[in-house]
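Just so it is clear, none of the values below were taken in a lab; they were calculated from the coordinates. Keep in mind that this is a model prediction, so the values were computed, not measured.
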Amino acid sequence: MAPFRFRLETVLDYRKRLEEEAMQTLAGAVLRRDGLLARRQSLQGTRAEHRDRLCGAHLLTAAERWLLQGFLRALERDLKDTENALRQAEEEVDRCRTALVQKARERSLLDRLKEKQAAAHAALERANEQRAFDEAATLRYTPASF
């Protein structure tokens, strides 16, 4: 029985590598997005803490109040920048996920083709083998003599 050889194996291997690269790209994008989510949460916590401190402003001097308000404005800018970066990171994750799905479909298409060709090859080999057995049986057959 001749072994099955898929003629597009190199293309299939290439598409598998592209899919793995897309997975790694997606993983990197998810890590960046998660880092930005953690940064946003940290900034929001810091902002809430300092707003509470500003609300108890009767214990603060004018200079401390001014510094605290400036710090809160800077926190708001940082939070706004982080929100923008987070939005971009979400878009990047979506793009990477779409690319990964496309690469997986392309690889899957070749996998199905390989399976069909392997099944057809196996059926052809079984048919050839059965034909050889039938021929051998026909040649060895001797009719019973009475």
In straight Cα distance, which lysines are under 21 Å from LYS103, not counting same-chain residues fewer than 8 positions off? LYS16, LYS114, LYS116
Given axes a ≥ b ≥ c from the Cα gyration tensor, I'd like to know whether segment 66-146 is rounded (a/c under 1.5), prolate (a/b larger than b/c) or oblate. prolate
Tell me the mean residue ellipticity at 222 nm calculated for the chain from its helices only (DSSP H runs of n ≥ 4, each -39500 (n - 2.57), averaged over every residue, nearest 500). -32500 deg cm²/dmol
Helix 9-55 axis, angle to the chain major axis (alpha carbon atoms, nearest 10°): 20
Over all Cα pairs of the chain, how is the pair count split among 5 Å bins, expressed in % and running from 0 up to the last occupied bin? 2, 8, 10, 9, 7, 7, 7, 6, 6, 5, 5, 5, 4, 4, 3, 3, 2, 2, 1, 1, 1, 1, 1, 0, 0, 0
